[in-house]
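Enquirer: One structure is given below, represented as structure tokens, and several questions about it will come after.
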Amino acid sequence: MSEYHTIARPYAQAVFELAQASSNFQQWSDMLAWASAVAADAEVQELVQNPRVERDALVRLFGDIVGERMFEQSANFLRLVIQNGRVFALPSIASQFETMRAEAEGTIEAELISALHVSDDQRTKLAQSLSQRLGREVSLQVTHDPNLIGGAVLRAGDLVIDASVKGRLQKLAANLAR
């Protein structure tokens, strides 16, 4: 999988520069999300791997499925990706693009997985606190997981804070096993 990341990097950088130059990050995000979903479909993967399916046919297929989200630059981009046999890298391209976009816009997606229900007030305070700590606008998604037993796990970019009972028990078990 790390080779996908390496292969995807120049494509993501090129798309980012195009989006930045034309100030249409959202349009590129939408198109890349759809193209990634199409590329991840098992039937499409079979077609992509079939040597009898011409690349021009794949370009038309992607164009038909992505449809209204497609615009001239994105059509050219998808044609290039398909012609170069890099369809498998589309999810990684989209992910890297979103990371670059968030960096440029000063935003970050954060996820809080909590053992207990989190109120709107708690969510707002946590998002504000994270925003101050990270120096970015934070979009916080909260999910509930009773398997954590107690506490919560917070993920924001490279930052991971595991303050769950389950996580502490796993650390304790790992230390005892040494």
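No value in this document is a laboratory result; all are computed from the given coordinates. Since we're looking at a predicted model, the values are computed, not measured. No Cβ is skipped: glycine too gets one built from the backbone with ideal geometry, and neighbour counts run over all protein chains shown.
Enquirer: Can you put Trp34, Trp28 in order, fewest other beta carbons within 10 Å first? Before the final figure, lay out each step's value.
Expert: Values: Trp34 20, Trp28 24.
Starting with the residue having the fewest Cβ neighbours, the order is Trp34, Trp28.
Enquirer: Assign unit charges at the C-beta atoms only (+1 for Lys and Arg, -1 for Asp and Glu), then state the dipole size of the stretch 108-177 relative to its Cα centre in Debye, rounded to the nearest 20. List each step's numbers first, then the result.
Expert: Numbers: 8 positive and 8 negative charges, 54 e Å.
Once rounded to the nearest 20, the dipole reads 260 debye.
Enquirer: Still on this structure, please answer the following. What is the set of long-range amide H partners of Ser164 at a cut-off below 5 Å, with H atoms built 1.01 Å from backbone N?
Expert: Distant-sequence amide H within range of Ser164: Ala152.
Enquirer: Arranged from highest to lowest average of other beta-carbon atoms within 10 Å per residue, in what order do the peptides 51-61, 96-106 appear? Walk me through the numbers on the way to the answer.
Expert: On the way: 51-61: 12.5, 96-106: 16.4.
Ranking, from highest mean packing down: 96-106, 51-61.
Enquirer: Let me ask another. Between Thr6 and Glu72, take the C-beta separation as r, use R0 = 30 Å, and let me know the FRET efficiency to the nearest 0.05. Walk me through the numbers on the way to the answer.
Expert: Values: r = 28 Å, r/R0 = 0.94.
The computed FRET efficiency comes out at 0.60.
Enquirer: What shape does the stretch 1-77 take by its C-alpha gyration tensor, where a ≥ b ≥ c are the square roots of the eigenvalues and a/c under 1.5 counts as rounded, a/b above b/c as prolate, and the rest as oblate?
Expert: Note, shape of the stretch 1-77 comes out oblate.
Enquirer: Rounded to the nearest 10 degrees, what's the angle between the helix 2-22 long axis and the longest principal axis of the chain, both from Cα atoms, 0 to 90?
Expert: Helix 2-22 sits roughly 80 degrees off the main axis of the chain.
Enquirer: To continue, here is another question. Among Ile161, Phe71, Leu18, which residue has its Cα furthest toward the positive end of the charge dipole of the chain, with +1 on Lys/Arg Cβ and -1 on Asp/Glu Cβ?
Expert: Ile161
Enquirer: What is the sum of charges, Lys and Arg at +1 and Asp and Glu at -1, for the other residues whose Cβ falls under 14 Å from the Cβ of Gln83? Intermediate values should be presented prior to the final figure.
Expert: Working: positive: Arg55, Arg60, Arg79, Arg86; negative: Glu54, Asp56.
Its environment carries a net charge of +2.
Enquirer: Also, I was wondering about something else. Does the chain come out rounded, prolate or oblate, given a ≥ b ≥ c as the square roots of the eigenvalues of its C-alpha gyration tensor, rounded meaning a/c under 1.5 and, failing that, prolate meaning a/b above b/c?
Expert: On the way: a/c = 2.58, a/b = 1.77, b/c = 1.45.
It is prolate, given that a/c is not under 1.5 and a/b is the larger ratio.
Enquirer: About its Cα centre, what dipole magnitude does the chain give when the only charges are +1 on Lys and Arg Cβ and -1 on Asp and Glu Cβ, stated in debye to the nearest 20?
Expert: Working: 17 positive and 22 negative charges, 146 e Å.
Dipole size: approximately 700 debye.
Enquirer: Each residue of the stretch 107-117 in turn: what ³J(HN,Hα) in whole Hz from Karplus with 6.51, -1.76, 1.60 and θ = phi - 60°, glycine and Pro shown as x?
Expert: 10, 8, 8, 10, 10, 10, 10, 10, 6, 10, 5
Enquirer: Would you order Tyr4, Tyr11 from fewest to most other beta-carbon atoms within 10 Å of each residue's own beta-carbon? The partial results should precede the final answer.
Expert: Numbers: Tyr4 16, Tyr11 22.
Least to most surrounded, the residues fall as Tyr4, Tyr11.
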